[in-house]
């Protein structure tokens, strides 16, 4: 039998090694590469820019360009507004659904839980196609029905499109977030509920004094991932774009970066925009965690 | 970036089960209100799918001419035939591609991340906490932020517009390592590992013969989430692929929808294709429903 140290070394290389290699290649290097790109520019020699190209270091030029582009700054503001509207609705809905499922008697709970989780299996772009049909005048039964009541609904106008997109995202992910919270609810010690019953606590007290504090970590986790996901908005506006003139080519930061890269062939500016978005997502996630941490320790 | 502020999974998943909670409620007015509220929520989540199922049976004409909630001269079979027949059966190809990306990607990703999680849980070595924290930080990096630099790397390697360009980035699941480590700590007893080692088993035989079986619930959960994640992915294949025959379903359906203003017949095809692609996933979600939570809850139960 080989020594423990040799065994450990072989095990680490064989079991952890492949993952780490993949992690470096598909995550660490791309991040480094994006950072490098964001600080450089491609210059072409020759009078018509058709000579050899070379990469030169340009400092923060790409960042300055991105942050002085009104369209990109507007797209940042748009996803932040989107997050402010959508994240609270999403988390409250997921939490309420989880608590209601927990409070309902056994019959039907499994059915409802599956139904709420179902949209998670529908790809984001397919969900956008689906809701896109439901937003389209002439196709949408919602618009037809509201018309018979004399209400003219416009889901695709510039005033409402952001909310229409928020609805798609909520429809898709509320059930997933609910499931994470349900998993946490299921793991609460039964003794706590018995003790509360003996003390004469009512359902509301059980929710506010026992359940909510104990599922708080799951709520924090889902909030952080919802914030990160929300700022990355891309597929939904892309799919709805042919339907709504309110969606421009730089409607969200990711759409803007995508178009900089593939329409304008400016990968360096695209990289700078991606980095700015990632930093903002990071700042919001950690800001939120700090806020929660402080409130809990005080 | 420090990760100590992240809530750890032990608290996220909890540590005890409430198992035999006495069921103590009868049908009270409160329960009726509760069920009604749950039913309203169910309608919200189901009605787009219902609309899709109805729309998939309609002809292009009655799609616009009749109520979206009611059947009108259903012709589901011929619609489905049209989806499969269009452009030399390209839809079947897309479905096969989606299965390949998701199936192979999720299988390899699960193996790699579960073994890494087990290694981080059960072996003492230098850099252990460092790697775990770095990987944990990776959970927070959204895939869309990586797609552009990955595209540039892949194009330098000459892999753009091949299966590899989508498959390789899909093999990564930092979440799987996170769950794998927590689960291994709780569900793989050290005494069992020691006994196998004394019997002369090598570390890889122990992992594939014994540990993987003990960690099966976590592995299934990781597989399912990774499968859905790849199946639903749009940005990565959009960036990487230009050849239609390599498209997954998501990319293919959007390509149909985006030209449907010029080719109205594609409108019905996009609806039919969406319907066909949603059905297997829905069946999988309902029939595998206990596995979705299995890794998340059971990992804690055993601790």
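No value in this document is a laboratory result; all are computed from the given coordinates. All figures in this text were calculated on a predicted structure; none of them were measured in a lab. Cβ placement follows ideal geometry from the backbone for every residue including glycine, while neighbour counts extend to all protein chains displayed.
Per residue of A:25-35, other chain Cβ atoms within 10 Å of the residue Cβ number 6 on average.
Based only on Cα atoms, what Rg/Rh ratio does the protein assembly as shown have, Rh being taken as Kirkwood's radius? Walk me through the intermediate numbers first.
On the way: Rg = 25.3 Å, Rh = 25.9 Å.
Using only Cα positions, Rg/Rh for the protein assembly as shown is 0.98.
Among B:40-46, A:96-102, what's the highest-first ranking by average C-beta atoms within 10 angstrom per residue? If you can, show how the numbers build up before the last one.
On the way: B:40-46: 15.4, A:96-102: 20.1.
In decreasing order of mean packing, B:40-46, A:96-102 become A:96-102, B:40-46.
Evaluate the relative contact order of segment A:220-263 (contact order divided by residue number), counting alpha-carbon pairs under 8 angstrom at least 6 apart; express in whole percent.
Numbers: 22 pairs, mean separation 13.8, N = 44.
Once divided by the residue count of segment A:220-263, the mean separation gives 31 percent.
Most exposed first by the Cβ proxy, i.e. fewest other Cβ within 10 Å, how do A:151, B:177, B:239, A:109 rank?
Working: A:151 9, B:177 31, B:239 21, A:109 17.
Exposure proxy ranking, most exposed first: A:151, A:109, B:239, B:177.
Kirkwood Rh over Cα pairs of segment A:1-143 into Stokes-Einstein at 37 °C, 0.692 mPa s: D in µm²/s? Walk me through the numbers on the way to the answer.
Values: Rh = 22.4 Å.
Here the translational diffusion coefficient equals 146 µm²/s.
Just the C-alpha atoms of segment B:28-301: what Rg/Rh do they give, with Rh taken as the Kirkwood radius?
1.06
Could you work out, for segment A:69-297, what percent of all Cα-Cα pairs fall into each 5 Å distance bin, beginning at 0 Å and stopping at the bin that holds the largest distance? P(r) over segment A:69-297, rounded to whole percents: 1, 6, 12, 14, 15, 15, 12, 10, 7, 4, 2, 1, 0, 0.
Shielding of peptide A:4-16 by partners, expressed as the average count of other chain Cβ atoms within 10 Å per residue Cβ, is 6. Modelled spin labels at residue B:126 and residue A:203, positioned 7 Å past Cα toward Cβ, are 5.9 nm from each other. Taken as Cα centroids, segment B:157-215 and segment A:201-246 sit 31 Å apart, rounded to the nearest whole angstrom. Residue ranges B:127-139, A:173-185 sort as A:173-185, B:127-139 when ordered by packing (mean number of other C-beta atoms within 10 Å per residue, highest first).
Give the peptides A:283-294, A:233-244 in descending order of average Cβ contacts within 10 Å, highest first. Present the calculation step by step, with values, prior to reporting the outcome.
On the way: A:283-294: 14.2, A:233-244: 22.8.
Taking the mean over residues of other Cβ atoms within 10 Å, the ranking is A:233-244, A:283-294.
Within segment A:91-192, the proportion of C-alpha pairs whose separation exceeds 23 Å stands at 43%.
How do B:262, A:5, B:197 line up, fewest other C-beta atoms within 10 Å first? All intermediate terms of the calculation are to be shown ahead of the outcome.
Details: B:262 7, A:5 10, B:197 16.
Ascending Cβ contact count within 10 Å gives the list B:262, A:5, B:197.
Each part gets one Cα centre, and for segment A:132-147 versus segment A:168-190 those centres are 31 Å apart. Here the relative contact order of chain A, from alpha carbon pairs under 8 Å that lie six or more residues apart, stands at 25 percent.
Each 5 Å bin from zero holds the following percent of Cα-Cα pairs in segment B:39-130: 3, 11, 11, 10, 11, 11, 10, 8, 6, 6, 6, 4, 2, 1. Legend: translational diffusion of segment B:83-205 by Stokes-Einstein, Rh = Kirkwood radius over C-alpha pairs, 4 °C, 1.567 mPa s; D = 75 µm²/s. Short-range pairs are left out: with C-alpha atoms under 8 Å and at least six residues apart, the relative contact order of chain B is 30 percent. As an equivalent ellipsoid, segment B:128-200 spans semi-axes of 35, 16, 10 angstrom, where each value is the square root of five times an eigenvalue of the C-alpha gyration tensor, largest first. Once both labels are positioned 7 Å from their Cα atoms along Cα-to-Cβ, the gap between residue B:37 and residue A:4 label points is 5.5 nm. For residue A:43 and residue A:294, the difference between the fully extended length at 0.36 nm per residue and the C-alpha to C-alpha distance is 85.5 nm.
The mean count of C-beta atoms from other chains within 10 Å of the C-beta of residues in B:42-51, rounded to a whole number, is 6. Here each label is just a point 7 Å from Cα along the line to Cβ, and for residue A:60 and residue B:137 those points are 2.2 nm apart.
For residue B:100 and residue B:259, a Förster radius of 25 Å and the Cβ-Cβ distance give a FRET efficiency of 0.50, rounded to the nearest 0.05.
Assuming R0 = 25 Å, what is the FRET efficiency of residue B:92 and residue B:64, from their Cβ-Cβ distance, to the nearest 0.05?
Numbers: r = 28 Å, r/R0 = 1.12.
Calculated transfer efficiency: 0.35.
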